[in-house]
Amino acid sequence: MLDLSPGRRPAAPGSAGSRRASRQKPRARRAGRARWAGWLFVAPALAMYGLFVLRPLGLTIQYSLYQWDGIGPSTWAGLGNYTTVFTDPALLAIIGNAFKLIVAFSVVPVLLGLAVAVVIRRISTSRLALTARTVLFLPQVIPLVAAGIAWSWLLSSTGVVNQFLSAIGLGGITRAWLGDFSTALPAVGLIGAWVLVGLCTVLLMSGMTKIDPSLYEAARIDGAGLWREFTAVTLPSIRQEIAVCVTVTVIAALASFDIVYISTQGGPGDATMVPGLEIYELAFSHRQVGLASALAVVLIVVVLACVLPIQRLARKGGAQ
Amino acid sequence: VIGSRREVISGRVLLIVLMAVTVLPFVSLLTTALQPSGTYPSGLAWPAHPQWGNFTQAFEAAQMGRLLESSVLIVAGVVPVSVLIATMAGFAIGHLRMPGGRVVFLLFLLGLTLPFEGVITPLYYEVQGMGLLNTRWAIILPLIGLFMPFSVYWMRAHFVTAPGELTDAARTDGVNTWQLFWRIHVPLARPAISSLTILLFLWTWNQFLLAIVLVDDPTKRTMAGALGAFQGQWGTNIPLLCAGSLIILVPTLVVFLAFQRHFVVALLQGSLKG
């Protein structure tokens with residue numbers, strides 16, 4: 001965790017320690033009352049959170065137990081919607097797509113980010129590296145929707161990607177990458193990787209600049225090669241940053257929506273359909289609110305089940 | 001020495017390649033946006049006669065002025081309120097340590113990894129029940145709630161480290177809890193508050209899902225949501241679509257470049273904490 005605490009400026013008006021002792025009693029009582037006053041401070045945040053997160057969360061679970069078209073009367077369905085989620089091959093394939101996207105959204109950016117960060121560790125304070133920090137962050141700042149539009153165009157049959165492939169003699173494999181059943185999902189993954197590589201690289205870079213150089217010297221003296229140096233010094237030191245990269249990118253993969261909505265709408269067929277988009281379609285196009293909600297609950301649980309172990313691993317490592 | 005020089009050079013080359021790939025989509029958007037409107041251009045090529053007029057055309061076709069106004073109104077509705085109530089909650093949980101604060105904090109943590117898709121369906125019916133569908137409030141109110149887990153978590157992390165002696169001293173001087181919060185602890189929390197403000201601005205401006213589900217009229221959406229509608233309407237006119245996308249990118253890019261350092265720091269801290 002980064003320490004965010006600001007410089008300690010003396011802001012207390014006329015603090016006088018000597019006066020304190022004599023007023024000990026009333027202060028304690030007042031402090032007790034102040035602690036209860038804390039509830040007044042929490043109340044607005046808690047109200048908004050309760051109204052727009054906790055209540056909908058409860059309702060999602062409730063809806064998931066009914067069959068409902070969103071307008072007419074609903075009928076009790078028990079766990080029927082969950083049975084459908086876990087047995088319908090189409091829905092299972094959609095959940096599978098989310099896991100496949102982890103490779104592109106998470107594994108690729110983290111590994112590539114690691115490689116780049118290691119190579120540029122030595123020049124990490126140069127002007128080029130500082131410029132890179134800004135440029136690599138651009139994809140983080142723009143709406144994912146805009147990234148989706150730009151890449152749809154790059155990956156189209158007459159786009160830059162095909163132009164490049166033809167130029168290097170690979171004209172034979174050019175195609176509309178997002179429209180082809182076999183390449184659509186990897187192409188969506190490529191867009192996600194483009195968005196997330198910069199974030200991972202910069203995060204890992206900033207982690208590596210904090211490593212004590214004497215650790216590397218010690219490793220060199222011990223005769224450690226580059227690989228040994230990487231596994232013995234670099235990796236353990238940036239464990240926290242790696243955990244953050246993995247957490248953020250895994251959530252981005254499992255809960256992807258914007259990029260897929262803009263670039264493929266889940267097509268061709270269901271080739272790039274992901275849970276987030278399927279929930280939207282089921283609830284608002286197919287009027288199957290119950291099934292959509294069951295899928296939503298499954299998605300929430302899957303995200304938690306993937307993220308909590310990562311956090312636990314990172315924390316255990318940090319305690320050493 | 002020769003080895004390390006080679007390392008430095010390969011590092012520079014790698015960095016430049018990565019930057020080129022990052023910038024490529026933006027360059028492609030620009031060269032395509034300058035092609036004659038309605039044509040189907042191919043690849044990356046600087047047009048013989050750049051059609052700068054496409055930008056004016058896209059600006060008018062998408063009613064950019066109204067979109068910009070709408071996004072600003074939504075940000076103005078979401079960000080100040082979210083920051084204020086999250087700071088208050090973070091102060092109460094992290095510094096006042098109110099009774100039951102731990103439970104409340106765990107309750108907020110529960111929402112930290114929640115994908116918005118998980119609650120979007122009931123949110124629709126809830127907002128409909130309030131009669132707010134198709135108004136900006138449909139985006140503003142739920143977003144404030146959805147931002148609370150991260151914001152409270154963020155501000156609590158700051159207030160946990162806030163010095164207790166200040167509070168003791170202020171109490172001795174008869175300062176009440178609100179004054180203690182507003183006059184002493186908020187000024188000290190300024191760095192944490194400004195990072196949070198930047199993050200919430202960005203997440204609000206780029207919010208897509210809530211915009212397309214809860215608001216039909218693109219001119220009442222966020223920029224990102226409006227871009228979705230624009231794509232549906234102009235998807236076949238590639239140069240115009242690219243020009244529109246670029247215009248929609250400009251405000252965030254300008255704000256980003258202006259507050260560059262703050263942005264990078266905020267995003268780094270934001271992801272480290274989140």
Exercise for review: Answer yes if at least one residue in region B:197-208 is in a loop (DSSP other than H, G, I, E, B), more than 10 Å from chain A (Cβ to nearest Cβ) and surrounded by 23 or more Cβ atoms within 10 Å (Cβ to Cβ), and no otherwise.
Suggested key: no
Point to revise | Options B:Ala48, B:Ala58, B:Ala86, B:Ala76: the member that is touching a Gly at 6+ places or on another chain (Cβ under 8 Å) and either on the phi < 0 side of the Ramachandran plot or buried (at least 18 other Cβ atoms within 10 Å of the Cβ) (or both) | key: B:Ala58
Point to revise | Output for region A:34-62, where each listed residue is at the interface with chain B (Cβ under 7 Å from one of its Cβ atoms), of a type in the set (Gly, Ala, Ser) and under 16 Å from B:Val152 (Cα atoms) | key: A:Gly38, A:Ala45
Review point. Any idea which of A:Leu178, A:Leu190 is surrounded by 15 or more Cβ atoms within 10 Å (Cβ to Cβ), at pLDDT 90 or above and either aromatic (Phe, Trp, Tyr) or more than 22 Å from the chain's Cα centre (by Cα) (or both)?
Key: A:Leu178
Exercise for review: Quick one: count up the residues across region A:63-99 that are assigned to a helix (DSSP H, G or I), within 13 Å of chain B (Cβ to nearest Cβ) and either touching a Ser or Thr at 6+ places or on another chain (Cβ under 6 Å) or without any contact (Cβ under 8 Å) to a residue 40 or more places away in the chain (or both).
Suggested key: 2
Review point. Inside region A:208-274, counting only helices (runs of 4 or more DSSP H) that do not spill past its ends, which hold 3 or more residues that are free of Cβ contacts under 8 Å to residues at least 60 places away in the same chain?
Key: A:213-221, A:226-229, A:239-254
Practice item. Restrict the check to region B:186-206 and report whether at least one residue is modelled with pLDDT under 85, in contact with a Ser or Thr (Cβ under 8 Å, 6 or more places away or on another chain) and among the β-branched types (Val, Ile, Thr). Key: no
Check your understanding: With respect to A:Ala271, is the statement that it is small (Gly, Ala, Ser), surrounded by fewer than 24 Cβ atoms within 10 Å (Cβ to Cβ) and within 14 Å of the chain's Cα centre (by Cα) true?
Key -> no
Check your understanding: If you go through region B:121-131 one residue at a time, how many are in contact (Cβ under 8 Å) with a residue 40 or more places away in the chain, more than 7 Å from chain A (Cβ to nearest Cβ) and either outside any helix (DSSP H, G or I) or not aromatic (Phe, Trp, Tyr) (or both)?
Key -> 1
Exercise for review: Give region B:218-248 a look and list any residue that's surrounded by fewer than 22 Cβ atoms within 10 Å (Cβ to Cβ), of a type in the set (S, T, N, Q) and more than 8 Å from chain A (Cβ to nearest Cβ), or say none.
Suggested key: B:Thr219, B:Gln233, B:Thr236, B:Asn237
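The values are calculated or read from the model by the stated rules, or taken from the named source; none is laboratory data. Model, not experiment: these values are computed from the prediction. Cβ: placed from backbone, ideal geometry, glycine included. Neighbour counts: every protein chain shown.
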